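Notes for the one structure printed next.
The values are calculated or read from the model by the stated rules, or taken from the named source; none is laboratory data. From a predicted model like this one, the values you see are computed outputs, not experimental measurements. No Cβ is skipped: glycine too gets one built from the backbone with ideal geometry, and neighbour counts run over all protein chains shown.
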Amino acid sequence: MTVTESGRGTAAGTNGSIDPARWPDIATVPRSPIRAAIARRLFRRAVARLPLRVVDPRERWSGAGTGTDPVLRLVRPDAFFQRLGATGTIGFGEAYMAGDWTTDDLPGVLSAFAANMRDMIPPALHKLRNAVLSVQPRHHDNTVEGARANIHQHYDLSNDLFTTFLDPSLTYSSALFDGEPTASGEDLTTAQQRKIDRLLDAAAVGEGTRVLEIGTGWGELALRAAGRGAHVTTLTISTEQAELAQQRVDAAGVADRVEIRLQDYREVEGRFDAIVSVEMIEAVGANHWNTYFETIDRVLAPGGRVGLQAILQDDYVVLATKDTYTWIRKYIFPGGQLASVEAIERTLAQHTSLRVSERFSFGRHYAETLHRWRTTFEAHAQAVAAIGFDETFRRMWSLYLAYSEAGFRTGYLDVQQFTLTKQ
């Protein structure tokens with residue numbers, strides 16, 4: 001690391017320099033000695049109780065881990081603590097992107113933190129959260145225009161990128177394996193189709209059913225609903241997804257039963273016997289959950305059913321972090337917000353005639369799904385590079401997938417399918 005006249009350092013990744021035009025906050029290291037010193041002290045205090053081994057360049061070890069626990073290796077400790085002190089968890093993620101720390105077991109390291117998230121920071125310091133951490137930028141608000149920009153940043157990266165690690169069904173949500181997921185030898189496509197079929201069953205989708213899907217993805221759910229004889233209207237605001245989904249619908253010969261619309265969910269009109277939405281509520285934003293469910297309530301025909309799949313976290317986390325600018329929100333899902341069971345039920349009760357009639361939890365299955373995605377993604381690093389994504393991006397994407405895997409592995413995150421009906 002070298003220090004510039006402005007007092008900010010430049011960082012090099014593990015295999016070459018970081019592009020400062022593309023990654024300005026990664027290519028430079030913030031300089032705040034006081035914050036860095038506080039971060040160093042808090043970090044050491046936290047890892048002293050974690051099943052984790054931390055080693056610095058001088059081979060000095062810390063942490064409560066034993067010889068079988070994962071190792072976090074500090075490559076550039078000064079840069080690591082400068083980033084951590086400047087922006088908290090954002091800095092932790094940026095330090096990995098820059099190569100300031102590394103590990104041979106990324107999910108294992110992150111699981112150690114996720115399993116102890118609530119106890120790592122002293123209670124007295126929780127009151128300082130808003131003074132230390134930034135709030136989400138206003139332009140990330142999921143208005144109609146804001147949502148298009150947010151979705152574009154993630155889902156319009158490149159269809160070729162997603163095909164490097166997704167299974168042939170191109171399903172970008174949790175699979176549902178037959179039996180214990182970690183012991184399953186089942187292929188991912190079969191497990192994904194089981195998940196979809198379960199949600200279609202919950203929504204009572206069959207011959208002649210008028211189905212609204214909010215969040216097309218790459219079209220697999222619409223294809224399977226059409227295969228049951230349903231008539232599907234599916235909404236997306238991702239141009240890349242809409243293009244490939246339309247190609248798949250045409251190739252399957254069901255274009256007469258599937259209509260793909262580039263349309264925001266708030267703009268939909270009509271009446272539908274069934275509404276399905278898979279892991280799309282995460283892109284709605286907490287301040288728009290009422291509109292999301294009001295829209296579903298408005299267009300659901302009497303006697304209709306809703307199949308909703310959602311990634312969840314504890315309600316106290318939802319309330320504590322709903323306005324916080326996190327690493328995931330900065331780099332992966334701008335404007336994103338996970339819900340809780342309580343938040344969904346509160347919103348339904350206050351704004352709709354809908355109620356939850358059934359819930360099905362399968363978080364361990366998402367951990368296995370993410371494990372398979374990440375290992376496939378990392379095995380195709382050369383293909384990802386050939387598409388045009390540099391090493392900083394690849395480290396970022398591995399961190400995102402491993403971070404998510406750790407959340408589901410430890411129970412910090414869950415995924416559930418909800419069946420909703422009108423009162």
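For this structure, a couple of remarks:
- Matching option when the condition is at pLDDT 95 or above and under 25 Å from VAL144 (Cβ atoms), among GLU220, GLU243: GLU243
- Among the residues of the range 160-206, those that are buried (at least 17 other Cβ atoms within 10 Å of the Cβ) and under 21 Å from ALA383 (Cα atoms) comprise LEU161, PHE162, THR164, PHE165, LEU166, ASP167, SER169, LEU170, THR171, TYR172, LEU188.
- For the residues LEU338, LEU399, LEU312, the requirement of being in contact (Cβ under 8 Å) with a residue 24 or more places away in the chain and farther than 17 Å from SER173 by Cα singles out LEU399.
- Here ASP297 does not qualify as closer than 29 Å to GLU358 by Cα, part of a strand (DSSP E or B) and acidic (Asp, Glu).
- Of the residues LEU110, LEU52, the single one that is over 23 Å from ALA27 (Cβ atoms), touching a residue at least 60 places away in the same chain (Cβ under 8 Å) and touching a strand residue (DSSP E or B) at 6+ places or on another chain (Cβ under 9 Å) is LEU52.
- Boolean, ASP323 is buried (at least 17 other Cβ atoms within 10 Å of the Cβ), in the same structural domain as GLU180 (by TED's automatic domain parsing) and out of contact with any helix residue (DSSP H, G or I) (no Cβ under 8 Å at 6 or more places or on another chain): no
- Residue match in the range 190-209 (condition: closer than 17 Å to ALA367 by Cα and small (Gly, Ala, Ser)): yes
- Of the residues making up the range 249-278, those that are in contact (Cβ under 8 Å) with a residue 40 or more places away in the chain and surrounded by fewer than 19 Cβ atoms within 10 Å (Cβ to Cβ) are ARG266, GLU267, VAL268, GLY270, ARG271.
- Of all residue pairs spaced 6 or more apart or on separate chains, those with beta-carbon atoms under 9 Å, a first member in the range 163-184 that is in a helix (DSSP H, G or I) and a second member that is of a type in the set (Lys, Arg) are PRO181/ARG364; THR182/ARG364.
- Only one of the numbered conditions (1) touching a residue at least 40 places away in the same chain (Cβ under 8 Å); (2) farther than 24 Å from SER111 by Cβ is violated by ALA385, and that is (1).
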